[in-house]
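Down below is the structure, laid out as structure tokens.
Where a number appears in this text, it was derived from the coordinates with a stated rule and is not lab data. Being a predicted model, the structure only gives us computed values, none of them experimental. As a convention, Cβ positions derive from the backbone with ideal geometry for all residues, glycine included, and neighbour counts pool all protein chains shown.
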Amino acid sequence: MKAHERILVALDTPDRRRALDLAGALRGRVGGVKVGLELFSAAGPEMVHELRESGVDVFLDLKLHDIPNTVAGAASAAARLGVTFLTVHALGGREMIRRGVRGAAEAAAETGQRPPVLLAVTILTSHSEDDLRRIGVEGTGREAVTRLAGLARDAGAGGIVCSPLEIAEVRRAFPSATLVVPGIRPADLAVGSDDQARTATPAAAVRAGADRIVIGRPITAAADPAVAAEAIARGIDG
């Protein structure tokens, strides 16, 4: 995989026009874009349709977490949109993940599309060890991530979302997983207020074993997002 193809750009904006403009400027310079809760809530499934029609791969990051039947239905609907990746919360449990995988696969088969890679989100990169203790997660963050990666593997997930600091543990627990890693911060780019607690540079994350890296503000808030994306890709190669 080429370096620029590893980059998934987070379109964390409620502005449909800005999202489309960013995607257009970055097309061919990155591996795809991430549509998360903010943009999806503002612009809906039509946003995904427009991005797909423009030739951009979409990572639909909704972090589904509900009863198994509801997640199966939501995953089915997402698969019909033609997305490349879809997230669920590993904390939802084995049956929820399993039903999500099945729902997405069945919908993709019905529509003649490739099913999305179902990614299980382990522990959010915004959580510190103190946060995890406060919400009742046993052991360290790395231990929790490893447990959840094993659960997702057994449930048939295609990959894992984890922070850069847990890549090695996840790879050991789930060797075949597609690892998608947020919390990426280029060393030479300031992003202002930051809510990520467990971060790494793009090159360090890829060296550690990340298949895809998620980058938002260092690209989208840059004076020229295309130039910023190209610089990050060169840094991965270098």
* Structure fact -> CD proxy, 222 nm, the chain: helix-only mean residue ellipticity via -39,500 (n - 2.57) per DSSP H run with n ≥ 4, per residue, nearest 500, stands at -13500 deg cm²/dmol
* Structure fact -> Between Ile135 and Ser176, Cβ-based FRET efficiency (R0 30 Å, step 0.05) works out to 0.50
* Structure fact -> Within the stretch 96-128, the residues whose backbone N lies under 20 Å from a label point placed 7 Å from the Cα of Glu143 along the Cα-to-Cβ direction are 122-125, 127-128
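Magnitude of the Cβ-charge dipole of the stretch 3-237, K/R +1 and D/E -1, about the Cα centre, nearest 20 debye?
Working: 28 positive and 29 negative charges, 92 e Å.
Computed charge dipole of the stretch 3-237: roughly 440 debye.
Can you give me the Rg/Rh ratio for the stretch 86-157, using Cα atoms for both radii and the Kirkwood formula for Rh?
Over the Cα atoms of the stretch 86-157, Rg/Rh equals 1.08.
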* Structure fact -> Projected onto the charge dipole of the chain (unit charges on the beta-carbon of Lys, Arg, Asp and Glu, signs +1, +1, -1, -1), the Cα from Ile213, Pro14, Gly150 with the largest positive-side position is that of Gly150
